[in-house]
Ligand code: FES
Ligand code: FES
């Protein structure tokens, strides 16, 4: 088992990769969040990100550069307290919408077969697989990704860092989000609760024991 505490201050890696922020850790290997104001167009999705959390900006179907078809629908999403109106096709999956909105912690480790848990987000209080969720079914949904968990539960992120839960880090955001959903539902989970909650998350690097320690620590045990 890896050493639990690392010297050198919060989240640092002495002689290694250098300081790592909670937010970078939550996102995993990519540390970009492009939720600033302005239009973003890609892959059949046209949206305008609200520059201020809580402020909604409308999508503009048919606007120059967009790829809007007759079958597209506009949905409203609240993601980590940011409000979006997004034009999506009927077959567009939620994972792709979230990534194109800049929430790059939402991963894909199984080609969208629903087998790995790396795309997990919390939607209306429940952990779901965003790769198996059609975006058109999510109108009005309130969604939390790992970027949001870094803000709403920094204690959990700290516990993940201090317990060395990450090797390559690709699976980590999915684990973090699933653990956050468990703690929201059950602030003092047992080890068995944690094993069951995280049972759908796959880690190819084999970090499983560390997640148990991290969630117990975050729960204050
Ligand atoms: S990408 Fe693997 S479960 Fe969604
Ligand atoms: S840390 Fe590499 S897949 Fe989990």
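In the stretch 180-195, the residues that are assigned to a loop (DSSP other than H, G, I, E, B) form Cβ pairs under 8 Å with partners that are surrounded by fewer than 13 Cβ atoms within 10 Å (Cβ to Cβ), at six or more places apart or across chains, as follows: 188/220; 188/221.
Can you say whether residue 200 is within 16 Å of ligand 1 (Cβ to nearest atom) and either surrounded by 22 or more Cβ atoms within 10 Å (Cβ to Cβ) or within 30 Å of residue 74 (Cβ to Cβ) (or both), as far as the supplied structure shows? In short, no.
Would you be able to say whether some residue in the stretch 155-163 is out of contact with any strand residue (DSSP E or B) (no Cβ under 8 Å at 6 or more places or on another chain), within 16 Å of ligand 1 (Cβ to nearest atom) and touching a residue at least 40 places away in the same chain (Cβ under 8 Å)?
In the first step, residues of the stretch 155-163 are kept if they are out of contact with any strand residue (DSSP E or B) (no Cβ under 8 Å at 6 or more places or on another chain); the result is 155-163.
Still in the running and within 16 Å of ligand 1 (Cβ to nearest atom): none.
Checked the stretch 155-163: no residue is out of contact with any strand residue (DSSP E or B) (no Cβ under 8 Å at 6 or more places or on another chain), within 16 Å of ligand 1 (Cβ to nearest atom) and touching a residue at least 40 places away in the same chain (Cβ under 8 Å).
How about the stretch 175-192: which of its residues are within 16 Å of ligand 2 (Cβ to nearest atom) and more than 16 Å from residue 80 (Cβ to Cβ)?
175, 178, 179
Checked across the stretch 91-110, the condition of being within 22 Å of residue 184 (Cα to Cα) and more than 16 Å from ligand 1 (Cβ to nearest atom) holds for no residue.
So, residue 140, is that one within 28 Å of residue 90 (Cα to Cα), in the same structural domain as residue 85 (by TED's automatic domain parsing) and modelled with pLDDT under 95 or not? Steps first, answer last, please.
Details: within 28 Å of residue 90 (Cα to Cα): yes; in the same structural domain as residue 85 (by TED's automatic domain parsing): yes; modelled with pLDDT under 95: no.
No; evaluated as a whole, the condition is false for this residue.
Looking at the stretch 78-130, which of the residues that are within 16 Å of ligand 2 (Cβ to nearest atom) and buried (at least 23 other Cβ atoms within 10 Å of the Cβ) is nearest to residue 151 (Cα to Cα)? So, considering only residues that are within 16 Å of ligand 2 (Cβ to nearest atom) and buried (at least 23 other Cβ atoms within 10 Å of the Cβ), the one nearest to residue 151 (Cα to Cα) is 105. Among residues of the stretch 132-165 being part of a loop (DSSP other than H, G, I, E, B) and surrounded by 23 or more Cβ atoms within 10 Å (Cβ to Cβ), the one that is nearest to ligand 2 (Cβ to nearest atom) is 165.
The values are calculated or read from the model by the stated rules, or taken from the named source; none is laboratory data. Fair warning: this is a prediction, and the values are worked out from it, not measured in the lab. For neighbour counting, all protein chains shown are included, and Cβ atoms are generated from backbone atoms with ideal geometry for every residue, glycine included.
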